[in-house]
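Written below as structure tokens is the structure these notes are about.
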Amino acid sequence: MLQICQVRVLFHYNGHGVPKPTANGEIWLFNKVFTCLTSYTQYIPLPISNLDSWIKTPSIYVFDCSAAGMVVCLPSLALSAAEMVVNAFIELLDCGTSNYPGSSRDCILLAACEAHETLPQSAEFPAYVFTSCLTTPIKMTLRWCILWLSVPVFWILWRLN
């Protein structure tokens, strides 16, 4: 009988054009309000602790925004070094960490940059470079080689075959 590992919830935050995450652990969402007389837009903060309590585990968080490292380092999401080592060994032995009673978290955190960094911007690449690298890695690698390393296209295509 085929056993399937547990399913993970993917939360992908695309924070381009919104304020950076706060030191209090809040990401910003765009809210559009319609009333009979007016309509307006505003940014509203969402505490990561609230988000984490809604999503629970197992989960994958992808933060594609400037200062994404600030969110990943929050105590509500981050594991201690000891927990990470234990979980890594359990992953090697088993399909997941959910069966291990000592594991408090089962989440994967991916951040586009460190807490003090701003996302790079270039006309040659898509605005969502990190997301593009995750979703189309071969295409992004080819673009990088062609634009920055001056590698001829025919050589790359020949090497792929």
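The values are calculated or read from the model by the stated rules, or taken from the named source; none is laboratory data. The shown structure was predicted, so the numbers you read here are calculated from the model rather than taken from an experiment. Here Cβ is always computed from backbone atoms with ideal geometry, including for glycine, and neighbour counts include all displayed protein chains. These area figures cover heavy atoms from the full protein model, side chains too; ligands, DNA and RNA do not enter into them. Shrake-Rupley method; radii C 1.70, N 1.55, O 1.52, S 1.80 Å.
Exactly one residue out of Leu46, Leu37 is over 14 Å from the mean Cα position of the chain (by Cα), at negative phi, at pLDDT 85 or above and outside any helix (DSSP H, G or I): that is Leu46.
Cβ separations smaller than 7 Å between residues 6+ apart or across chains give the following pairs from the range 108-135 residues that are touching a residue at least 24 places away in the same chain (Cβ under 8 Å) to residues that are of a type outside the set (Val, Ile, Thr) and open to solvent by 50 Å² or more (accessible area, probe 1.4 Å): Ala115/Met70; Ala115/Cys73; Ala127/His16; Tyr128/Asn14; Tyr128/His16; Thr131/Asn14. Checked against the criterion of being within 22 Å of Ala127 (Cβ to Cβ) and at pLDDT 80 or above, the range 72-88 has no qualifying residue. Is at least one residue of the range 150-161 open to solvent by less than 80 Å² (accessible area, probe 1.4 Å), modelled with pLDDT of 55 or more and not in a helix (DSSP H, G or I)? Scanning the range 150-161, I find at least one residue that is open to solvent by less than 80 Å² (accessible area, probe 1.4 Å), modelled with pLDDT of 55 or more and not in a helix (DSSP H, G or I), so the answer is yes.
Can you tell me which of His16, His12 is touching a residue at least 40 places away in the same chain (Cβ under 8 Å) and over 18 Å from His116 (Cα atoms)?
Working: His16 fails: over 18 Å from His116 (Cα atoms).
Answer to the check: His12.
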